[in-house]
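As structure tokens, the structure follows; a few thoughts come after it.
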Amino acid sequence: MLFSQDHDEPRRVLQKFIASDINPHVDEWEKAGIFPAHELFKKLGDLGFLGLNKPEEYGGQGLDYSYALMMAEELGNINCGGVPMAIGVQTDMATPALAKFGSDELRREFLAPAIAGDMVACIGVSEPGAGSDVASIKTNAKSDGDDYVINGGKMWITNGTQADWICLLCNTGDGPAHRNKSLICVPMKTKGVSIARKLDKMGMHSSDTAQIHFDDVRVPKRNRIGEEGLGFTYQMVQFQEERLWGAAACLKAHERTIQNTIDYTRNRQAFGRPLLDNQVIHFRMAELQTEVELLRSLVYRAAEALVAGEDVTQLATMAKLRAGRLGRELPDACLQYWGGMGFMNETLVSRSYRDSRLTSIGGGADEVMLGILCKMMGTLPGGKK
């Protein structure tokens, strides 16, 4: 069983915090196109939520991954997708590789303040010409004595305008694409790092997203996570937590969309009776709730395997794929039953429709997930069978 009574108290504390310190401000943050990451992360850090499964010697709780998954699921209670995603970047996208493979010195400099909420982190993988195709990134770090000199750029960087440091994937050699990359912790105030622009997105409005340039950025080689040339491998490991986190964060968000739609159609009269009385609507709500529960079962199974130390590449990839597909199907189906109100930005179903679309793109597009699964199944052309 994934969860026990030990999960109940942190779950209750997080639910209370979301209700008191996040949801009352979400509409304001959505309009502003940004939320106060340093202020919010410090509160979460003080409560211990930014390092649930991180080592205790760096301020973490030292708990197993089930607690991180519990947190991801509860963040679905936030009335938008942008804030949960930004928190997830801090806990499950920019820091797992550092926690697993970083030196003690590096973890004290970057991981400990991220866990405390004293620093905001971002992850730099995607580029204008290299999104899901991670191997084709062009940003490079040339060796110069004890330093790297970094040139290039990153795109679609969540927390990018507010971050204190970036976990940067870049080329540190001229060898094969899967063995010439390294992950490097780069302070965002380093000379040569610039925010090219804050990006205007279809959804996730409360989450700031940046395009970042690196122009002769000099950082010490001690800022490299683990061994040189293993960055691609570290990032693939890091992706498993990111993809599982993304699937878990959808669960309660989708259930909220279903319940909001039930409430609206129960109270909305059309042709002399509540909309919900139409079989096509109440049957559809039952189907969608079933789909959420099926996704939950897959996510929980993957999390249990991860806690047990198993390779969860296949299960996490399947969960990410299904979450992305459901993120397109469910809000669209629900929005239809809101009629004209569903087309209004003021409704949560409209926000869900915009925000959920990213799940099929971020962290690897659906087609990349399918490619991974087909490779594991031995069905890719030219692959082993």
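The values are calculated or read from the model by the stated rules, or taken from the named source; none is laboratory data. All of these numbers come straight from a predicted model, not from anything done at the bench. With ideal geometry, Cβ positions are generated from the backbone for all residues, glycine too; neighbour counts draw on all protein chains shown. When the accessible area is computed, the model is the full protein with side chains, heavy atoms only, and any ligands, DNA or RNA have been set aside. Shrake-Rupley method; radii C 1.70, N 1.55, O 1.52, S 1.80 Å.
The listed residues R301, R266, once ranked by accessible area (1.4 Å probe) with the largest placed first, stand as R301, R266. Calculate for the chain the 222 nm mean residue ellipticity that helices alone would give, adding -39,500 (n - 2.57) per DSSP H run of length 4 or more and normalising by residue count, nearest 500 deg cm²/dmol. Result for the chain, helices only: -14000 deg cm²/dmol.
The amide H of I225, built 1.01 Å from its N in the peptide plane, has L183, I184, C185 as neighbours under 5 Å, considering only residues 5 or more places off or on other chains. Charges were assigned to the Cβ only: +1 to each Lys and Arg, -1 to each Asp and Glu. The resulting dipole of the chain about its Cα centre is roughly 840 debye. Entry comment: accessible area of segment 284-385 is 52 Å² per residue, from protein heavy atoms only and a probe of 1.4 Å. When Rg and the Kirkwood radius Rh are both evaluated on Cα atoms of the chain, their ratio Rg/Rh stands at 0.98. For V193, the residues whose modelled amide H falls within less than 5 Å of its own, excluding neighbours fewer than 5 places apart on the same chain, are D215.
With Cα atoms as the point set, segment 97-219 shows a radius of gyration and Dmax of 14.2, 44 Å. Using the Karplus relation 6.51 cos²θ - 1.76 cosθ + 1.60 with θ = phi - 60°, the per-residue 3J(HN,Hα) values for segment 21-37 come to 10, 10, 4, x, 10, 4, 4, 5, 5, 4, 5, 6, x, 6, 10, x, 4 Hz, with x marking Gly and Pro. To the nearest ten degrees, helix 366-377 and the longest principal axis of the Cα atoms of the chain are 70 degrees apart. Per the Debye formula with a single identical scatterer at each Cα and no solvent contribution, what log10 I(q)/I(0) holds for segment 327-385 at q = 0.17, 0.26 Å⁻¹? Reported log10 I(q)/I(0), two decimals: -0.63, -0.94. Please compute one quarter of the surface area of the Cα convex hull for segment 204-347 and express it in square nanometres. Averaging across all directions leaves 12.3 nm² for the Cα convex hull.
Remark: segment 245-261, residue by residue, has Karplus-estimated 3J(HN,Hα) of 4, x, 5, 5, 5, 7, 4, 6, 5, 5, 5, 5, 5, 4, 5, 4, 6 Hz, where x stands for each Gly or Pro and the curve is 6.51 cos²θ - 1.76 cosθ + 1.60 at θ = phi - 60°. Shown here: segment 238-320, whose C-alpha atoms stretch 57, 17, 15 Å along the first, second and third principal axes, sorted largest to smallest.
With the cut-off at under 16 Å, measuring from each backbone N in segment 225-251 to a point 7 Å along the Cα-to-Cβ line of E293 picks out 251. A Stokes-Einstein calculation at 10 °C with viscosity 1.306 mPa s, built on the Kirkwood radius of segment 157-264 over Cα pairs, returns a diffusion coefficient of 96 µm²/s. Just round it to a whole percent: the fraction of Cα-Cα distances in segment 84-135 exceeding 17 Å. I get 41 percent for the Cα pairs in segment 84-135 exceeding 17 Å. Annotation: amide H of E127 within the under-5 Å range of M155, sequence separation 5 or more or interchain, hydrogens built in the peptide plane. Equivalent-ellipsoid semi-axes for segment 285-370 (Cα gyration tensor, √(5λ), whole Å, largest first): 28, 14, 9.
Remark: C-alpha extents of segment 212-270 on the principal axes read 66, 26, 14 Å, sorted largest to smallest.
Of the peptides 155-162, 2-9, 191-198, 302-309, the ranking by mean beta-carbon count within 10 Å, highest at the top, reads 155-162, 302-309, 191-198, 2-9. Dipole check for segment 221-320: with +1 at the C-beta of Lys and Arg, -1 at the C-beta of Asp and Glu, and the Cα centre as origin, the magnitude is about 420 Debye. Centroid-to-centroid, using Cα positions, segment 227-283 and segment 138-160 are 35 Å apart. Using only Cα atoms, locate the centre of segment 94-133 and the centre of segment 350-372, then give the distance between them in Å, rounded to an integer. Between the Cα centres of segment 94-133 and segment 350-372 lies a distance of 22 Å. Among F232, F283, the order of accessible area from largest down is F283, F232, computed with a 1.4 Å probe on protein heavy atoms.
DSSP beta bridges confined to the chain are antiparallel in about 85 percent of cases.
Ellipsoid fit via the Cα gyration tensor, segment 1-121: semi-axes of 23, 18, 11 Å, each the root of five times an eigenvalue, largest first. Across segment 266-283, computed HN-Hα scalar couplings (Karplus, 6.51 cos²θ - 1.76 cosθ + 1.60, θ = phi - 60°) run 6, 8, 8, 8, 8, 6, x, 8, x, 4, 4, 5, 6, 4, 4, 7, 5, 5 Hz from first to last residue, x flagging Gly and Pro.
With coordinates expressed along the principal axes, the C-alpha atoms belonging to segment 182-243 extend over 38, 32, 13 Å, beginning with the largest.
Accessible surface of Y337, taken over heavy atoms with a 1.4 Å probe and every protein chain present, rounds to 50 Å².
By accessible area, using a 1.4 Å probe on protein heavy atoms only, the chain has 52% of its surface on carbon and sulfur. Sorted on the mean count of surrounding Cβ atoms within 10 Å across their residues, most packed first, peptides 92-101, 139-148 read 92-101, 139-148.
Take segment 77-195 with all the other protein chains still there, run a 1.4 Å probe, and you get 34 Å² of accessible area per residue.
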